[in-house]
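Notes for the one structure printed next.
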Amino acid sequence: MATADPALAASPPASPTPPAWDRYKLLTWLGSPLALIPLLALLAVALAIVSSGDLTLLLRGDFWSLTFNWNPLYPDQAAWAFPLYLLGTAITAGLALLFATLLSLALAISLTAYLPGWLGRSLATLTNLLAGIPSVVYGIWGYVVLAPYFGLTLQPTLRSYLAWLPFFGGPAAAAAPGTGVLLAVLILTVMIVPLTTAIIRDSLANVPSAVLEASLALGATQWETMRRVRLRVARRGVMGAVFLGFGRAVGESVAVAMVVGGQTQIPPSIYSGTTTVSAFLLYQQDSAFQYAALLHALVDFALVLLLITLFFNFLAQRATGERGAVGQTSAAGL
Amino acid sequence: MAAATPSNPASDLLGPADGRLRYRLWVDRVVRWGLPLTFLLVLVPLFDLLYWVSAKALPTFTWATISTNPVGFGGGLWAPITGTFLLITIATAISGGLGILAGMYTAEFAPPPVARLARLAGNLLAGVPAIVVGYFGYFLLVLYTHWGFTTLAGAITLSVFMLPYVYRVCDLSFSSVPRDQREAALAAGATPRQYLLRVAFPIAFPSVLTGVFLAMAIGLGETAPLVLTAGWSNSPSTGLLSTTSYLTGVVYQNYQFPDTLGHLVTLAFQAAFLLVVIVLVLNILVQVIAGRYRRRLQGLFS
């Protein structure tokens, strides 16, 4: 389907092919650059980043230092504290992914097995609407509406009941009350859930019904069939959803930048602020336009970020196949 | 589900020795009713967000909000609205044109290895973070071209971000034209061009359209690529090579101002409200067209 059918394209030499088919064959090869437009765009992005940076910085100690020091007057003494940003990214994206995966497993299972068609369809549509809301809107909602509530009500409550847990009792080193890891994780979770739900749901729906019927016929309950058979058959889709969601969470800059606080620190508690690689790239862009040394460092940040997201998106495609639900298309119900 | 609930007549027949089975049926029932409740965890944030964005934006939303330019600590959204419209129009034209061509070619003509490579690239491009695309635009379109911060640089950067979505949906829609249609057309003597334009295109078109709308919705809501390329101006863009403002930028620049200082936060919420409305309309349009299209295809099969 995807290609020139060889049986059609290459007819026996005895009967001359109609001119339309000669042109067709020509087109299949001459048109190749058309298919490579996405590849060219990808290469252009990668090349622009690689060629504008200072790659040797990636190997230097000041890039990997654990303290941040940037004063435009003394660019020689700059230290970039990259591990701290990487840690901030890992904490926020990792926790958000954990919650999003659990939640979207529950949602996808409900949608495929437990909800009647009409209700499932409307709930799926509503969930997909979450995917369409711009990240900057999540950001302002988080900063203006949720952060005060988090700071004044939710966090004191959590602290009074759960202070005995690690990271639940520590100081709230936050830029503004309520901002920080907890809020960023919540916002990221809400942003990723529609994507992971759609992919897991697709892969659950694609499990052949014969397999399920066999399980039910052996006396397994609906839930046992879901847990032991259906999820197991669909596990590649679940893995794909996890990789893709992680890539999305790692790359999200605006919403995270608005609610994560922005401090360069290892957060002492979930009520404290931190910074992710993507958020740092956004925070610093303004001053980067003025200072070459800062810009070079940021380009290396961007390069590592690009490599991480490419890696996870590649894993996602390996898991779900090239036509698998990749990107936002599936969350839009396509 | 409703039919299954008075189920388990078996459990009434179970004897006292069947505790294990009773337990399994109990777990099944708990999951059946408990799991769908998790939807509350998604619906509460959705409606909370929609409520608060409306509540903060609407009380002071007047005609002046739309018709005047941002000034100082207040003003309206006219320049950002026109800026967003201009950016999205150009970006959709570029990414739509290139994405549809590339997708159609990948689905219909490309030799398998080429198609595989192209799809991989498309999927990877969809995963590139917006902020990285922004830096790409800054280096290539702001610095390298010596344009500086311009509408055109913003639009092209945005189109790179939107391209993979158009491309993927277009590839998918041409690939899912039923094989019989192709075989029937070719058997009836259609040339490849006739097949493509008269058979495949009409079938795939609605779905391609959803891809374009989806990409528009995604592009509309993006901030990071524009922050690094489009610059900022409080009056409407005077040309492709001048700076421009845009709705997402209004939100991003003003969200932190205290309420006491003019009404910048309100303005940010009003911009957010407009964005949400436009994006939701586009998304609903996508779902409606996709639903119609699916039904049409099913009609084709039966």
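Brief remarks follow.
- Pairs of Cα atoms nearer than 8 Å and 6+ residues apart set the relative contact order; for region A:82-329 it is 30 percent.
- Taken along the Cα-to-beta-carbon direction at a fixed 7 Å, the label points for A:TRP118 and B:ARG24 span 3.5 nm.
- Euclidean distance between Cα centres, region A:201-235 to region B:88-142, Å: 37 Å
- Residue of A:ALA113, A:ALA293, A:ALA48 that the Gaussian network model of chain A assigns the largest fluctuation, springs spanning Cα pairs under 10 Å: A:ALA48
- Residue list for region B:256-280, given a label point 7 angstrom along the Cα-to-Cβ vector of B:SER54 and an amide N cut-off under 12 Å: B:277
- Simple spin-label estimate for B:SER242 and A:LEU154 in nanometres, 7 Å along Cα-Cβ: 4.4 nm
- Whole-Å distance, taken between Cα centres, linking region A:252-266 and region B:223-271: 20 Å
- Average beta-carbon neighbours from other chains, 10 Å sphere, peptide A:154-167: 0
- The mean of 1/r over all pairs of different alpha-carbon atoms in region B:61-301, once inverted, gives a Kirkwood hydrodynamic radius of 19.4 Å.
- Formal net charge of residues neighbouring A:GLN77 (Cβ-Cβ distance under 15 Å; K, R +1; D, E -1): -1
- Placing R0 at 25 angstrom, the Cβ-Cβ distance between A:ALA90 and A:ARG318 gives a FRET efficiency of 0.70 after rounding to 0.05.
- Gaussian network model of chain A, springs between alpha carbon atoms under 10 Å - residue of A:GLY53, A:GLY117, A:GLY251 with greatest fluctuation: A:GLY117
- Between the listed residues A:VAL207, B:VAL279, B:THR62, the Cα displaced farthest toward the positive end of the dipole of the protein assembly as shown, a dipole computed from Cβ unit charges relative to the Cα centre, is found at A:VAL207.
- Using the Cβ of A:SER253 as centre and a radius below 15 Å, the other residues enclosed give a net charge of -2, where K and R count +1 and D and E count -1.
- In Hz, Karplus ³J(HN,Hα) per residue of region B:141-150 (6.51, -1.76, 1.60; θ = phi - 60°; x = Gly, Pro): 9, 9, 8, 4, 7, 6, 6, x, 6, 9
- Around A:ALA297: net Lys/Arg minus Asp/Glu count, Cβ-Cβ under 14 Å: -3
- Other protein chain Cβ atoms within 10 Å, averaged over every residue that makes up B:166-173: 4
- Working from Cα pairs under 8 Å separated by at least six residues, relative contact order for region B:147-261 is 41 percent.
- Scalar couplings 3J(HN,Hα) for region A:194-211, obtained by applying the Karplus form with A = 6.51, B = -1.76, C = 1.60 to θ = phi - 60°, are x, 5, 5, 4, 4, 6, 5, 4, 4, 6, 5, 5, 7, 5, x, 5, 4, 5 Hz; x denotes Gly and Pro.
- Positive-end residue, the protein assembly as shown charge dipole about Cα centroid, Cβ charges, pick of B:THR145, B:TYR195, B:PRO164: B:TYR195
- Dipole axis of chain A (+1 Lys, Arg; -1 Asp, Glu on Cβ), positive-most option in A:PHE289, A:VAL260, A:ALA93: A:ALA93
- Relative contact order of chain B, taken over Cα pairs closer than 8 Å and 6 or more residues apart, is 24 percent.
- Shielding by partners - mean other protein chain Cβ count within 10 Å, residues of B:264-270: 2
- Ranked packing of A:91-101, A:154-164, most packed first, by mean Cβ within 10 Å: A:91-101, A:154-164
- At 1.306 mPa s and 10 °C, Stokes D of region A:30-140 from Kirkwood alpha-carbon radius, µm² per second: 82 µm²/s
- Of B:THR223, B:THR151, B:THR260, the residue with the greatest mean-square motion in the GNM of chain B, using alpha carbon springs below 10 Å, is B:THR260.
- Calculated translational diffusion coefficient of the protein assembly as shown (25 °C, 0.890 mPa s; Stokes-Einstein with Kirkwood radius over alpha-carbon pairs) equals 94 µm²/s.
- Extent along principal axes [Cα atoms of chain A; Å; largest to smallest]: 79, 58, 31
Where a number appears in this text, it was derived from the coordinates with a stated rule and is not lab data. Source: prediction; values computed, not measured. In this analysis, Cβ positions are derived from the backbone assuming ideal geometry, glycine residues included, and neighbour counts consider all displayed protein chains.
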